[in-house]
Amino acid sequence: MTSYAAKLGALVATGALIATVAIPAYAVVGSAAAVTGRPATVQTASVVSSVALVAPSRDGYSVTKPPPVVIVAAVGKAPVANRFSGVTVNPPAPSYSGAAVLDYAAQFVGVVPYGTGNSPQTSFSCDGFTQYVFAGFGISLPRGADHQARLGVSISKADAVAGDLVYWPGQHVGIYDGAGGMYNSPRPGRYVEHVGSLWGSPLFIRLTV
């Protein structure tokens, strides 16, 4: 009898425990509300849909941008002016003897006629005459008065000596005698001659070859 009663009590206790565990949560909340007399508080979360950005406040100081960097190219010194510009520079005296050149040229005076040649066997043009005479001293001159003048430098009349060239650009060339005259082959119908005075404004050329 006692054993039966004990088993029955155990079954009743187990059923009560199962029933308690199976009670839904809302039943418990309802019970809590009934006990406290206040409705249950349900917590809710609100989501902010947008956030307003507020510019940060600034103090009274301002930032100054640094000036742009300017790269200046290095500039060299101004070239020094050539003090000899426009000044006649006289070369040294010719290596050949001016007197010997005149003596050599004098032997053709009145003998060789004017022509287009550069030999005493035929004729002398003005440039052919000077070419032939200076060739006797180892100086090779081209044909053409202008071409011959380019082989020397212009000097003043005061510095000209016997054996320098007397030159009229684009026209004529002869051999200066050092005393205001020259030896030359003048023009058609004439022979090689020596003249005591010059005409116009010739240039005086010191050969540098």
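Odds and ends about this structure:
- Residue tally, condition open to solvent by less than 40 Å² (accessible area, probe 1.4 Å) and of a type in the set (S, T, N, Q), over the range 151-209: 2
- Inside the range 90-118, residues that are small (Gly, Ala, Ser), in a loop (DSSP other than H, G, I, E, B) and either closer than 18 Å to HIS194 by Cα or open to solvent by less than 30 Å² (accessible area, probe 1.4 Å) (or both) make up a count of 3.
- Test result for ARG150, of a type in the set (D, E, K, R) and over 25 Å from PRO92 (Cβ atoms): no
- Only a single item in (1) out of contact with any strand residue (DSSP E or B) (no Cβ under 8 Å at 6 or more places or on another chain); (2) farther than 20 Å from ILE139 by Cα; (3) assigned to a loop (DSSP other than H, G, I, E, B) is not met by PRO186, and it is number (1).
- Within the range 189-209, the set of residues being assigned to a strand (DSSP E or B) and farther than 16 Å from ALA145 by Cα comprises TYR191, GLU193, HIS194, VAL195.
- Within the range 119-150, considering residues that are in a loop (DSSP other than H, G, I, E, B) and under 16 Å from PRO188 (Cα atoms), the one least open to solvent (accessible area, probe 1.4 Å): SER125
The values are calculated or read from the model by the stated rules, or taken from the named source; none is laboratory data. Note that the structure is a prediction, hence the values are computed from the model and not measured. Cβ: placed from backbone, ideal geometry, glycine included. Neighbour counts: every protein chain shown. Accessible surface is based on the protein model in full, side chains and every heavy atom, while ligands, DNA and RNA are left aside. Shrake-Rupley method; radii C 1.70, N 1.55, O 1.52, S 1.80 Å.
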